[in-house]
Amino acid sequence: MNANATLKELAEVIREADSVLLFPHDNADGDAIGSCVGLCLAIRSLGADCMVLMGEPLPGYIDFLDYGCCTTDIECMKNPDVCLCVDCSGDSRISGRLSRYLEGKKKLCIDHHLTAEGYGELYYIDENEAATAGIIYKLIRKFDDVELSREMRNAIYTGLSTDTGNFRYSNTTAETLRIAADLMEEGIDHNMIIVSAFQNRNIHEIYVQMKVYENMELLMDGRCAVSYITEEMLRECGAEYQHAETAIDCLRDIENVEIAAMLKEKEPGTVKCSLRAKSTGNVVDIASFFGGGGHVKAAGYTFRGTMDDARRTLKEQLERSRDTLQGR
Ligand code: AMP
Ligand code: MN
Ligand code: MN
């Protein structure tokens, strides 16, 4: 835990505000968006103005979560009383929106990343939470007069289920399941969420996955899987960058693979790396080495340089983390 405020204190600051602007991280995922939208609806029910300022439009697989909360319009709110970063480990991950965040009369941060910096005046970072959505659930419960609506429950459930790979990853705790059960008992659109988030692969994404298998290398006796996709390959697949987001799962889910690494060329000279570990591996050290971060079993970084250099330097670092692969 890395916090200079309690959830109760954060709830009080939010309650006193007339306007709140919420910031999910760039390339927002189900947890970032679910957390923001759930909280946005709760804050609106308290009577305040609230919006979620996104870095880009909602990705298709979770666009049902919008509920009239999300915008990419940087001008959407003038001088908010509170600006709150959600599921965002550092202010570099709200790059294009940072100046707006800094305009908040009070600046807050709620997150669950191990490598979160604790920026803003008040921050609450609990790395033991599987998803930021779990923290948001507890925060909303601090508002005695807010009842969770079906939309709020859908949003929070989406955050919990997407950050835990539908409750499969090792970050899932008894408490995560208890919160999910409470939400389900009160009523959520469970089938709609699961189909949208997990059974909804775009055909171009499948072409990307085929390419990922084609480019895959198995290192260290098959304990480590590495692959890559360039911008040109994405174009050949008729795909956009976002269609490469799930490629990492193809690598991790292979028998005996403990560490998976996926390099994706975002634009010429910029390569994003996603890293996953299954049981004993530690990938956050590798990500931190390259200036990124995340969690022990899910981390990432952005590499400035060519794909060839990204592949070479990654493999060198993977070799150094060989010892964490032992003792499966
Ligand atoms: P991804 O592979 O993009 O799904 O990211 C895996 C995990 O690492 C997520 O928890 C991200 O928030 C975190 N992460 C990814 N890229 C970075 C970065 N450049 N800096 C800090 N954390 C990151
Ligand atoms: Mn996230
Ligand atoms: Mn998260």
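The figures follow:
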| quantity | calculated |
| --- | --- |
| Test: VAL52 is within 14 Å of ligand 2 (Cβ to nearest atom) and buried (at least 17 other Cβ atoms within 10 Å of the Cβ) | yes |
| Residue list for the stretch 2-57, restricted to those being part of a loop (DSSP other than H, G, I, E, B) and within 16 Å of ligand 3 (Cβ to nearest atom) | HIS25, ASP26, ASN27, ALA28, ASP29, MET54, GLY55 |
| Of all residues making up the stretch 287-318, the number that are in a helix (DSSP H, G or I) and on the phi > 0 side of the Ramachandran plot | 0 |
| Residue ID - farthest from ligand 2 (Cβ to nearest atom), chosen from residues in the stretch 111-154 that are among the small types (Gly, Ala, Ser), under 16 Å from HIS25 (Cβ atoms) and touching a Ser or Thr at 6+ places or on another chain (Cβ under 8 Å) | ALA116 |
| Pairs with Cβ under 7 Å, 6+ apart, first in the stretch 262-283 and in a loop (DSSP other than H, G, I, E, B), second of a type in the set (Ser, Thr, Tyr) | THR280/THR324; GLY281/THR324; ASN282/SER321; ASN282/THR324 |
| Meets criteria (within 16 Å of ligand 1 (Cβ to nearest atom), in a loop (DSSP other than H, G, I, E, B) and not hydroxyl-bearing (Ser, Thr, Tyr)) for GLU117 | yes |
| Leading residue by the ranking (nearest to ligand 2 (Cβ to nearest atom)) among those in the stretch 67-101 that are of a type in the set (A, V, I, L, M, F, W, C) and assigned to a loop (DSSP other than H, G, I, E, B) | CYS88 |
| Residue tally, condition touching a residue at least 40 places away in the same chain (Cβ under 8 Å) and within 12 Å of ligand 1 (Cβ to nearest atom), over the stretch 95-111 | 1 |
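Residue-wise test of (1) within 16 Å of ligand 3 (Cβ to nearest atom); (2) part of a helix (DSSP H, G or I); (3) closer than 29 Å to CYS250 by Cα.
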site	(1), (2), (3)
TYR137	yes, yes, no
PHE143	no, no, no
TYR157	yes, yes, yes
LEU160	yes, yes, yes
THR176	yes, yes, yes
ALA197	yes, yes, yes
VAL212	no, yes, yes
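We did not get these values from a lab; they are worked out from the coordinates using the rules stated. All values derive from a computational prediction rather than experimental measurement. Cβ sites come from the backbone with ideal geometry, for glycine too, and all protein chains shown count toward neighbours.
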